[in-house]
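Just below is one structure, and these are the notes that go with it.
Bear in mind these aren't lab numbers, they're just calculated from the coordinates by the rules spelled out. Values in this document were obtained by computation on a predicted structure and should not be read as measured data. Neighbour counts are summed over all protein chains in view; Cβ atoms, including those assigned to glycine, are modelled from backbone coordinates with ideal geometry.
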Amino acid sequence: MISYFINGSGSLSKCEDSCTAGVFDILKYLPADLFWQILKSSLLLDTLPSVAGNIQHIAFWPKWSVKDVEEISNTKYIEPDVFINFTDFDVIIEAKRYDEKQQNPKQHRDQLIAYFNEFKDNETKEVYYILLGGLHIEDVRKEIIVKGKTVKLSKIKWSSLLSTITSLKKTIENQDLVHQKPILLLLEDVIHVLAIHGYHTKKWLIKMSKYKIKEIPLNNFKYKVNVR
């Protein structure tokens, strides 16, 4: 499917949802510990546990009812971007299209209210909230308190996620192990998805190989002037 878009055979309406689904629909096929390692290594603000265990369920844009929830009005349901259910805790991911100035604190609060309403039978289960992209420099929050519960907040930039995946891909290539080839292919597809959405790997001048230009004296050049 990714090749259909990167080779120019099909057109893609590039948006927040296509980027989110394109990335996490691929990452979910990785071994759970590697998936978690990628998230942890990409975090600008890390409040996540060191170990996650296996993914029990992953949902994209689940609809959580807000019926009879007084704190939220003018809507029937709340729709977070990604919801991941692990054995010991849950993770909510709210993704934005670009890396800066799109996250909305009210939206975060509403999603958590809806989460606690939807899973009120699991009140003792820990939940973590990840802001992916759209970050505000002045947003220094490390937690959100909702309904008397403290939810730890983590932050990732799309560009940081790309950097982590690119570095991991290079490490795997250097090891040159046959059994890791499927992982390498998955990582390559994630890199393609991010490139489609405008996130590219960069080569810094300081890391590029030097190329010496041969100097030729100006008087060695021969030229002819046509006069009419």
(request) Would you tally the net charge around Asp176, using a Cβ to Cβ cut-off of less than 14 Å, leaving Asp176 out, and scoring K and R as +1, D and E as -1? (result) +2
(message) Show me the ranking of peptides 141-148, 194-201 by mean Cβ neighbours inside 10 Å, starting with the highest.
(response) 194-201, 141-148
(request) Treat every Asp and Glu Cβ in the range 2-207 as -1 and every Lys and Arg Cβ as +1, leave all other atoms uncharged, and give the resulting dipole magnitude about the Cα centre to the nearest 20 debye. (result) 560 debye
(request) Between the alpha-carbon centers of the range 117-138 and the range 18-49, tell me the distance in whole angstrom. (result) 15 Å
(request) Return the long-range amide H neighbours of Val82 (sequence gap of 5 or more, or a different chain), with a cut-off of under 5 Å between placed amide H atoms. (result) Trp61, Ile93, Ala95
(message) Among the listed pairs Lys96/Lys120; Lys40/Lys149; Lys76/Lys157; Lys28/Lys181; Lys63/Lys120; Lys67/Lys120, which have their C-alpha atoms separated by more than 20 angstrom in this model?
(response) Lys96/Lys120; Lys40/Lys149; Lys76/Lys157
(request) Between beta-carbons, use under 15 Å as the cut-off and find the net charge around Lys155, counting Lys and Arg +1, Asp and Glu -1. (result) -1
(request) Could you work out how far the C-alpha centroid of the range 73-98 sits from that of the range 176-191, in angstrom? (result) 28 Å
(request) Net charge near Ile191: determine it from the other residues with C-beta under 12 Å of the C-beta of Ile191, scoring Lys and Arg +1 and Asp and Glu -1. (result) 0
(message) Of all beta bridges DSSP finds with both residues in the range 2-207, what is the antiparallel percent, to the nearest 5?
(response) 55 percent
(request) Kindly rank 179-188, 15-24 from highest to lowest mean number of other beta carbons found within 10 Å of each residue. (result) 15-24, 179-188
